[in-house]
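Trainee: Handing you a structure now.
The values are calculated or read from the model by the stated rules, or taken from the named source; none is laboratory data. Computed from a prediction, not measured in an experiment: that's the story for all the values here. For neighbour counting, all protein chains shown are included, and Cβ atoms are generated from backbone atoms with ideal geometry for every residue, glycine included.
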Amino acid sequence: MASTALLERSPSSDRPEDEPGLTHLGFNRLLEWLDEGVDSHGHNYLEMRRRLTSYFDRRGRPFGDDLADEALNRIGRTLERDGAIAITPQARYCYVVARFVLLEDIRRERLDLRRQGPHHTDPESWAERTTSTIQDEELEAREARLESLDRGLQALGPERRALIVDYYRDSGPQKIAGRRALASRLGITMNALGIRVSRIRAALEARMTKTRAATTSTRTGL
């Protein structure tokens, strides 16, 4: 189990109600979850905290270590309440939670700036940070969609995966010729090919929706 130093730095259950931390049970479950069955004596926890702090620092947040603690605390509370987290690998789930913490921190900053009034705001600095954050979020959203697509394709099986990839491979004038060649190779009509691909695409989209829903649902347990 964790070292005494780690337990001392873990949030305790007697923190103010508006600043919820972790009980020792929640913290221990967090350590065990990060260790994946092999006791690292807190190393995995410290490494993930370092990585999350870096994640927030790269996005221009002034208190990256506090945000990293908040993300890990949320995961620990989920583990304390539910006993397990289905999403794997652990690092992926940590970054999903961190993204929600990031967005909430940005919203808090915007609200604070509105309350303080325009004379307290540095427009150029705020614009640069906002633009950088938006670009990062767009990139992460694109990567998430690609990951969801890849997982969906892997779940289809080799024959159906090859069929839908070949069907959508070409564009422009080559698209029709490519699909005719594909239908000929399969010994079916273009109409039959379209129906078959439509069913595969429906299955793929359902899988992708399920993957995105599983990721998004982590927010409800934070």
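Trainee: Phe63 fails exactly one of the following numbered conditions: (1) surrounded by 14 or more Cβ atoms within 10 Å (Cβ to Cβ); (2) of a type outside the set (D, E, K, R); (3) under 18 Å from Phe100 (Cβ atoms). What is the number of that condition?
Mentor: (1)
Trainee: Being touching a Ser or Thr at 6+ places or on another chain (Cβ under 9 Å) and among the basic types (Lys, Arg) is the filter here, so list the residues in region 78-101 that pass it.
Mentor: Of everything in region 78-101, just one residue is touching a Ser or Thr at 6+ places or on another chain (Cβ under 9 Å) and among the basic types (Lys, Arg), namely Arg92.
Trainee: Please list, ordered by first then second residue, the pairs with beta carbon atoms under 6 Å, 6 or more apart or interchain, first in region 88-113 and more than 17 Å from Phe63 (Cα to Cα), second assigned to a helix (DSSP H, G or I).
Mentor: Gln90/Leu34; Cys94/Met48; Val96/Thr215; Val96/Thr218
Trainee: Next question, about the same structure. Does Phe100 qualify as being aromatic (Phe, Trp, Tyr), modelled with pLDDT under 90, out of contact with any Pro (no Cβ under 6 Å at 6 or more places or on another chain) and under 30 Å from Thr211 (Cβ atoms)?
Mentor: Yes.
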